[in-house]
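The values are calculated or read from the model by the stated rules, or taken from the named source; none is laboratory data. Please read these numbers as outputs of a predicted model, since none were measured by experiment. FYI the Cβ positions are ideal-geometry reconstructions off the backbone, even for glycines, and counts take in every protein chain you see. To get the accessible areas, we keep the full protein, side chains included, count just its heavy atoms, and leave off ligands, DNA and RNA. Shrake-Rupley method; radii C 1.70, N 1.55, O 1.52, S 1.80 Å.
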Amino acid sequence: MTGTFFGEFDLASLSLWLFYAFFAILIIYIQRENMREGYPLEDDEGNKSSNPSMWPIPSDKTFKLPHGRGEVSVPSGQTPERENIPMKRVGSGNGFPLEPTGDPMLDGVGPASWAPRKDHPELDGHGHPKIVPMAGTEGFHVAAGRDPRGLPVVAGDGEIVGKIVDMWLDEPEQLVRYLELELDSKWGTGTRLMPMTFARIRRDKVDVLALFGKHFATIPTIASPRQVTLLEEDKISGYYGGGKLYAGTRADPKL
């Protein structure tokens, strides 16, 4: 042999170009992974955008669920599961706000929005429902603060709508997530859940400023008296959150 194998080849240049190629592929991969939600692009009213991404949408991804719940495949480029939401745009161009066309609290729009989560309860590490009523558990009691059970519930307009009959606990976190109230016959029938963050526990009452008396009958209900699903939680919390804006005349212009 009269010469070396790489005698006329620039290894440093090859390494540099290989790095450039690897870095370009990495950027494209990361950008495609970033497109698993929200793509293909749409305008404010859900129509396909005239300016789609320059990169193709990634393939679907399959997840193995714990506690024997099987597998779920998440499609890329998925469209929202809530269709025909009763809202309209107040102007002709993109960027104009949307306004409700019906009862926003019942329709679940604006501050009352909810996401189509799974209609099964959240589980703890042992496969048991995390959030359960205190009446159905053992070993839990009120160790500090005021026990709200038996106190009347006063709405934002001063109406007494019922009384607290139970507390729903997040057992692993040892927190009260919801209060359960029993409605007076004037305001509906049965019981409803109230997120703890919307309740103000006083010495002789529980204030709920987010809702007025007439709104309690249409609080989303739960299918089981022993557990609450992810979908039910989102609808309940959204309903109370919507009352912060839509209850009474709160959404009207202030002079």
Taking only the Cα positions of the stretch 138-179, the convex hull volume per residue in Å³ is 86
Taking GLU8, GLU99 and ranking on accessible area (1.4 Å, protein atoms only), highest first, one gets GLU8, GLU99
With label points set 7 Å from each Cα along the Cα-to-Cβ direction at LYS88 and HIS128, the distance between them in nm comes to 5.2
Computed for the chain: size of charge dipole around the Cα centre, +1 on C-beta of each Lys and Arg, -1 on C-beta of each Asp and Glu, debye to nearest 20, value 660
Nearest 10, in degrees from 0 to 90: the angle of helix 230-246 to the longest Cα principal axis of the chain is 70
All alpha-carbon distances of the stretch 85-125, grouped into 10 Å bins from 0, give the whole-percent distribution 25, 36, 22, 12, 5, 0
Length-normalised contact order of the chain, Cα under 8 Å, at least 6 apart, in percent, tallies to 16
Heads up, the stretch 169-221 by the C-alpha gyration tensor (a ≥ b ≥ c square roots of eigenvalues; a/c under 1.5 rounded, else a/b over b/c prolate, else oblate) looks prolate
Heavy-atom accessible area of the stretch 82-205 with neighbours in place, 1.4 angstrom probe: carbon+sulfur share in percent works out to 47
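What shape does the stretch 83-189 have by the C-alpha gyration tensor, where a ≥ b ≥ c are the square roots of the eigenvalues, rounded means a/c under 1.5, and otherwise prolate means a/b greater than b/c and oblate the rest? Kindly include the intermediate steps, with their values, before the conclusion.
Numbers: a/c = 2.97, a/b = 1.59, b/c = 1.86.
Oblate is the answer for the stretch 83-189, as a/c is 1.5 or above yet b/c matches or exceeds a/b.
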Rounded to the nearest whole number, the Stokes-Einstein translational diffusion coefficient of the chain at 10 °C and 1.306 mPa s (Kirkwood radius, C-alpha pairs) in µm²/s is 70
If R0 = 35 Å, then ALA251 and ILE27, at their Cβ-Cβ distance, give a FRET efficiency to the nearest 0.05 of 0.20
So for R0 = 30 Å, FRET eff. of HIS141-GLU71 from the Cβ-Cβ r, to 0.05, ends up at 0.15
Checking rank on 18-26, 159-167, with mean other Cβ inside 10 Å and highest first, the result is 159-167, 18-26
Any lysines whose Cα falls less than 29 Å from that of LYS64, other than same-chain ones fewer than 8 residues away, would be LYS118, LYS130, LYS235
